[in-house]
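Novice: Quick one: the structure is below, questions incoming.
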Amino acid sequence: MAAIDEYQVMMHGVQAVRRYVEGLACPISGASGVRARFYPHQVQNVRRILSSTQIRFLIADEVGMGKTVQALMVAHAMRHQAGRLRVKVVVSNSELKSQWVKEFCRIDKEIKEKDGIAWIENGSNKEDFCSVMDESELPPYAASLDTLSMDLLIIDEPQDLNVDTLRYLSDRAADFPAVLLLTATPNFRDLRRFCELLQILEPERMEYCRRQVFSEVAGTTSGDDGESEAPRRSRLRDLDQESLQKVFDLFERLSLEDGDQQDLIDEAGDSGLADMPQYQIDRILFDSKSTYRRILLSSREDYPEHLPRRRLNSMTIEPTTIECQRLEFARRATHSDTVLTAVEGRSLLQRTCVGGQSAAAFARYLAGRDDDRRMVMSPMLDFVKKEQADCRLDALVDWFSEFWQKDPTRKAVICAGDDATVRELVDELSWRLPEVGLRRNRMPLKMVKAESTSVGGSDLRGLSGVDAQKWRQSAESTVEPYSMGKSQLLIASDEYGQAINLQCSDALIFYSLPWRADMLNQWIGRVDRLGRDRVDPDKRFSPVKDVKILLLHRPGDPTENIEAVFSQYDIFRRSLQLDPALVGEISNRIDEAIATKHATDSRVIKSTDTDNRSRVNSGRWTPENAEALFDLVAHAKPMAPVLTHCEYDAYVSSNEESAFAKWLQQLCDHGMLSKKKVSKRFRGEGKRRTFFTMTQMHCKGPKIPRLEERDTTFPAFILARPHVLNPPRLEVTTGATQEGEPRKSRLHFLGHGGMLHSQLINTYADAGKTQEPIGFSIASLGKRFYPNGHSLEPGRYLCGVGHVDSGWIYDHVSPPSPIDDSPVSKAIERALRLIAAHREAGLRADQRFVRGIASARLCVRASVEIDGKYHPCDGGDLLTPHWTSQVMPNVQRVGIPEKLRDNLPVQYKVAIASEMEQHWGQSHQQIEVQFIERIQCIQLETAERMRLLNHMLDDVRTQMEERITNPSESNQQWIQLRLRPRQELLRNQINAISQACQTRCDLLRQSFEHIKSPSAESVVLQLTARILLRADPEAILEDISRDTANTTDFQQPPTDPDPAANPHKPR
């Protein structure tokens, strides 16, 4: 290899390691590589989950706040750390299953779906998968939900699972290494539902409380038939309300909220918790003993600058005389119980509030049923004639004229209720508003009509499997010209208020206000979702566009009272967690409001969920911390050395993306990579979305494995996170095949943990790593290769680049053998394997914790020779010159003295370790405090598990004593076959859990000592080099040519010849 090529590979190796260390230093590690635009609450939740002692959380954010993305971010980070991941997702129906398989494409790998399993293409590793199962596929549970066959279990909407599934998951919750529950309706007000969640989140504490309550129950005397086991086998779901309340009361007494703090401190034993400051005790007890420590509940109100806010505009329009008479007649007909049923009367009143063709169609329907209804409804037919004026429609036209005056491309969606109103609004608006905008900037109004007939006349509720998928496809295809096209207005019936995303809308108009809280909540949730545009997308801190909600009332309409009821429950202001009990409560209030002619009073509604929010969000995890953490992740400064002299042609949204784009551009300039810029206008996007294609055909240098595969020679990729659409763009057209067909290519997002990204880093980091010091002589000092200037002088330099991983200790832990050489039963063998899996998950969690509080950095050490001695200098410019394959500096290999070759790596390892010691030493005290608190939390959690196991062991001893006291053949068999194996199993579990806790605490202490004083052995040295830096010859010539005072004769301009001189005489 030529010297210039070796030097280039060395430079690219430094950039690859720089990018790798940026990933190590990221507070959420590989979670940032998921194909999604994340928000402060998501970053904080993911950070909290990944840094906890064990992953076992309930994500209960409001509807539309990205719970699925958070779960995928956690999975992505776990896989990035371990190199593989076995994920299983449990959902209640096949519709959710198909959604989850699509969502797994956010993990930027090659996803291959087969039988509902999203296999991640990772060579021959078949234990790298994401399996999604609905309830119909679970039985037999022991095989499909084997705790040893997964690393992460995700349960979506657990309240929708059937009793058998939830019971199986609850009974074995403690065996799963990592569990995430996702639901927007946790229903903390229902004691039974809340206890079921706590049984999964806090299995040891809940099981101990259940056993303690049953130990007080009389009738535990054993018999020959083993009936004494019945109370011990009782499950939480089988308890009556009184027993369940006793279990929860005991759980609260053992928790931070209602427990005695001194008793909780005493559980830690002689660990030193009692001697700590009170603020540390409070944090430790919250992280280990709080009832709500594993419940994450984020609200839109906490993040007004990042999440959309709802702006309600309620307009009251003066009605016409006919409209007043029509409403009065509808009220009288509603109270005519002998003719119209309650349902018919309610529907008539609701259609009358809408007016127009909706009221006319329903009046004709009632009149045609029988003679009695015809007599009652005949006057109503005169009030609903088409030629009658509609004050609400007139007001809507005026509002739209002002709405589209500034920007005629803004989008709005109208909830019209039924198909008759949809058709009527389309007809009226098509001639009343044929064009919108200012006179000099008018454009045609394009409308999309979404009727219930387009989706088979039914909504998604009650459908499942293929029917649900067909419904979703039909609904998405109907609204596609609006959501993904240039249409400005969508007029939809009630059936479209679910399962489709309309966050592109600037306004939501309730022309027909739903009279059910869940339907209203769903409609607003279609628009109020993550992914809304910002007011000024080009500004970094521009707020997200608000959600404009418009209501149109006539004075005296029941909708005024209904709006007042909804406002009392804050449905228009925030997403309400609606459980069946709360929906029923609101429905009763609406029934009362309908019977009242005037607006209801604004009584304050006390929400238990609101009261609990302050308890759930207590501790160190606050919105202010989320904002700071988000800024650290999304707008982090790139690590040095950055290629400041390289210009790139890619759109980037952060400094880290900019530094990465410059490296890719320099690879292309050096002829080691070839990329092509493709700009296309994608559906639904007003701006041009750019992506690139990459190849190494006809290129030199190290080969990236992914680019060597013939079927993916030209993979497409993007760099900027704002180019990740929602839903994510997965495939793009990169050209044409030999047959002339469009060539589809998977679109990669080059983020941390992505397959193409990882291969790019690993390839050049390995190729550019020097096994021993290497010497170069390079003539590069000058404007050609340092166009933005430099701080270097010609001379001889020594250079070393490396880093220290704060979690280095965990990469050198030998896995323990969970099973001794002595023969054990299968039950003990399985139990020990489960404990080993928990130990491995705990060690990885501790490594993430250590890396989070002591971030890594890339150390570039350099020194320049002056008067025979080397003095420290800035080494960034040494490794960041820029040139192209057409214009390159003169580079030569030079020898290195043997003594320097032997000593230089050792010296730089010691220097880098000393630099990291000083870097981490700046926050040494804070790091030490967090390590101490972490160890205390692990010990308290282990003490809780040991308390349960010791209680179970005492229970087994009690049963053995009872049966020994009453000798019989059956009792002897019971002792030998049941109790003694159980006793041996519990003893093995106690020993194994105690050893695992001790191992975790010892490794944390070793990690702290490593951070306090890193050893030279822990330094990963990327390169050591001796560089003789010379000036660029062309730059020297340019300097000479500019120096007119010292020009030589041959550089003087020619003079005019003397006419008198002899032309043949030489000068």
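Novice: If I filter the range 831-846 for residues that are touching a Gly at 6+ places or on another chain (Cβ under 9 Å) and within 23 Å of L1003 (Cβ to Cβ), do I get at least one hit?
Specialist: yes
Novice: Taking the stated definitions as given, is I500 in a helix (DSSP H, G or I) and out of contact with any Ser or Thr (no Cβ under 6 Å at 6 or more places or on another chain)?
Specialist: Here the answer is no, as I500 does not meet what is asked.
Novice: Among the listed residues E941, E928, identify the single one that is in contact (Cβ under 8 Å) with a residue 12 or more places away in the chain and surrounded by 15 or more Cβ atoms within 10 Å (Cβ to Cβ).
Specialist: E941
Novice: Which ones in the range 135-159 are modelled with pLDDT of 85 or more and of a type in the set (D, E, K, R)?
Specialist: Across the range 135-159, the qualifying residues are D146, D151, D156, E157.
Novice: Right, next: Criterion first (surrounded by fewer than 20 Cβ atoms within 10 Å (Cβ to Cβ), part of a helix (DSSP H, G or I) and hydroxyl-bearing (S, T, Y)) does S914 satisfy it?
Specialist: Spelling it out, S914 is indeed surrounded by fewer than 20 Cβ atoms within 10 Å (Cβ to Cβ), part of a helix (DSSP H, G or I) and hydroxyl-bearing (S, T, Y).
Novice: For Q199, state whether it is at pLDDT below 95, under 14 Å from I295 (Cα atoms) and out of contact with any Cys (no Cβ under 7 Å at 6 or more places or on another chain).
Specialist: Yes.
Novice: I want to confirm something. Restricting to the range 641-656 and keeping residues that are in a loop (DSSP other than H, G, I, E, B) and of a type in the set (S, T, N, Q), which single residue is farthest from R18 (Cα to Cα)?
Specialist: S653
Novice: Any residue that is modelled with pLDDT under 70, within 24 Å of the chain's Cα centre (by Cα) and part of a helix (DSSP H, G or I) - is there at least one of those in the range 597-609?
Specialist: yes
Novice: Which of the numbered conditions does A636 fail, given that it passes all the others? Conditions: (1) modelled with pLDDT of 80 or more; (2) farther than 25 Å from G33 by Cβ.
Specialist: (2)
Novice: Has the range 968-986 got any residue that is in contact with a strand residue (DSSP E or B) (Cβ under 7 Å, 6 or more places away or on another chain) and farther than 28 Å from H838 by Cβ?
Specialist: Checking the range 968-986: not a single residue is in contact with a strand residue (DSSP E or B) (Cβ under 7 Å, 6 or more places away or on another chain) and farther than 28 Å from H838 by Cβ.
Novice: Does K406 satisfy being touching a Cys at 6+ places or on another chain (Cβ under 6 Å) and in the same structural domain as L445 (by TED's automatic domain parsing)?
Specialist: No, not satisfied.
Novice: Look through the range 31-46, keep the residues that are assigned to a helix (DSSP H, G or I) and closer than 15 Å to R79 by Cα, and return whichever of them is farthest from the chain's Cα centre (by Cα).
Specialist: Among residues in the range 31-46 that are assigned to a helix (DSSP H, G or I) and closer than 15 Å to R79 by Cα, the one farthest from the chain's Cα centre (by Cα) is G33.
Novice: Further question: Restricting the search to the range 867-883, which residues are in a loop (DSSP other than H, G, I, E, B) and surrounded by fewer than 13 Cβ atoms within 10 Å (Cβ to Cβ)?
Specialist: D867, G868
Novice: Could you check V565 against (1) without any contact (Cβ under 8 Å) to a residue 40 or more places away in the chain; (2) in contact with a Pro (Cβ under 8 Å, 6 or more places away or on another chain) and say which number it fails?
Specialist: (2)
Novice: Are any of the residues in the range 477-492 modelled with pLDDT of 90 or more and of a type in the set (G, A, S)?
Specialist: Yes, that holds for at least one residue.
Novice: Follow-up question, since we're still on this one. May I ask you to list the residues in the range 721-738 that are assigned to a loop (DSSP other than H, G, I, E, B) and either in contact with a strand residue (DSSP E or B) (Cβ under 7 Å, 6 or more places away or on another chain) or surrounded by 13 or more Cβ atoms within 10 Å (Cβ to Cβ) (or both)?
Specialist: Residues satisfying the conditions are V724, L725, N726, P727, P728, R729, L730, T737.
Novice: Continuing with the same structure: Taking the range 227-243 as the region of interest, how many residues are modelled with pLDDT under 75, surrounded by fewer than 15 Cβ atoms within 10 Å (Cβ to Cβ) and over 17 Å from P203 (Cβ atoms)?
Specialist: Total satisfying the criteria: 3.
Novice: In this structure, is T53 hydroxyl-bearing (S, T, Y) and assigned to a loop (DSSP other than H, G, I, E, B)?
Specialist: yes
Novice: Do we find that V813 is surrounded by 21 or more Cβ atoms within 10 Å (Cβ to Cβ), under 42 Å from the mean Cα position of the chain (by Cα) and within 30 Å of L152 (Cα to Cα) in this structure?
Specialist: Against the criterion (surrounded by 21 or more Cβ atoms within 10 Å (Cβ to Cβ), under 42 Å from the mean Cα position of the chain (by Cα) and within 30 Å of L152 (Cα to Cα)), V813 does not qualify.
Novice: Here's another thing I want to ask about it. Could you tell me which of the residues V910, V887, V860, V894 is in contact (Cβ under 8 Å) with a residue 12 or more places away in the chain and in contact with a Pro (Cβ under 9 Å, 6 or more places away or on another chain)?
Specialist: One residue alone meets the criteria, V860.
Novice: Ok, one more. Could you please find all residues in the range 959-981 being hydroxyl-bearing (S, T, Y) and surrounded by fewer than 12 Cβ atoms within 10 Å (Cβ to Cβ)?
Specialist: T965, S968
The values are calculated or read from the model by the stated rules, or taken from the named source; none is laboratory data. Because the structure is predicted, anything quoted here is derived from the model rather than measured. FYI the Cβ positions are ideal-geometry reconstructions off the backbone, even for glycines, and counts take in every protein chain you see.
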